[in-house]
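In what follows, a single structure is set out as structure tokens and then discussed.
All of the numbers you see were taken from the coordinates with simple rules; none came from a lab. It should be emphasised that the depicted structure is a prediction, and the values quoted were computed from it without experimental measurement. Counting neighbours? That spans all protein chains shown, and the Cβs are built from the backbone with ideal geometry, glycine included.
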Amino acid sequence: MKFIFGLGNPGSQYRKNRHNIGYRTVERIAQESDCSFKRKFGLGGLVALSKTLPDEQGFCLVKPAAYMNNSGLCLRKALKKYGFSLENVLIVYDDADLELGMIRFKRSGSSGGHRGMQSIIDSLGTEEINRLRIGIGRDPRRDTADYVLSDFLDLERETLEEVIAQAAGACRDWVIEGVESAMSKYNRKLTS
């Protein structure tokens, strides 16, 4: 089984924030897979299970219930509870260094300043973890922390919906084909 962790902040006030594109991506996958999230006590997150892919390849979607900066604790608890290996984990999150409309798979590396990813690296003690970074762009006139907690602009909504759909498809391809195939297929600009 594969595990897809979508990072974001809990609470309706953060729902449309740029920082919550990871949450929105796994919510899209759940909707398309006809499964729903349920709170898992002791895990610190919401979990949805699906087996709608070919060859009965199941996957588990997880939304940590903690704020972004504490995302690592949920993943560490899930590793312990379910006993899966890191090669079967994909972290999905926003990246201000990529323009809106771009996605990038990565097998390892630093957090790039993303505090949710840094929490995961710190909690697990390794940078060797699959990830899908979704571009949210950057506004050089604004503080990065304020920018990522801002909502997408109306003129960005069409591109936003397209990139969430692309990212959801990329996650499904990662489950079926693996990270190398997904990297060669998706590490390019997806929308205009």
## Note on the structure
Per GNM of the chain with C-alpha springs under 10 angstrom, the most fluctuating residue out of S12, S111, S181 is S12
## Note on the structure
Heads up, the stretch 2-186 by the C-alpha gyration tensor (a ≥ b ≥ c square roots of eigenvalues; a/c under 1.5 rounded, else a/b over b/c prolate, else oblate) looks rounded
### Task
Select from the chain the helices, each a whole stretch of DSSP H, whose alpha-carbon atoms run 24 Å or more along the helix axis and whose Kyte-Doolittle mean is at least -1.0; answer none if there are none.
157-177
### Query
Any idea how far apart A66 and E156 come out in nm if each label point goes 7 Å out from Cα toward Cβ?
2.7
### Summary
Taking V92, V26 and counting other beta carbon atoms within 10 angstrom, the fewest-first order is V26, V92
### Message
Within 11 Å, Cβ to Cβ, of Y23, how many net charges do the neighbouring residues add up to if Lys/Arg are +1 and Asp/Glu are -1?
### Response
+3
### Query
What does a probe at E99 reach in the stretch 114-137, counting residues whose amide N is under 16 Å from the point 7 Å along Cα→Cβ?
134-137
### Query
Just for the chain, what percent of DSSP beta bridges are antiparallel, to the closest 5?
50
### Query
Can you flag which of K2/K38; K38/K77; K16/K81; K2/K77 are past 20 Å Cα-Cα?
K16/K81
### Query
Build a GNM of the chain with springs between Cα atoms under 10 Å: which of I136, I103, I176 gets the top mean-square fluctuation?
I176
### Residue among R142, R15, R104 with the largest mean-square fluctuation in a Gaussian network model of the chain, springs linking Cα atoms under 10 Å
R142
### Of the chymotrypsin sites (Phe, Trp or Tyr not before Pro) in the stretch 1-81, those whose Cβ has at most 13 other Cβ within 10 Å and which sit in DSSP loop
F41
### Message
Need the full-extension length gain, S36 to E128, defined as separation in residues times 0.36 nm minus the C-alpha distance. One decimal, nm.
### Response
30.2 nm
### Query
Between S111 and R15, what is the label-to-label distance in nm when each label sits 7 Å out along the Cα-to-Cβ direction?
2.8
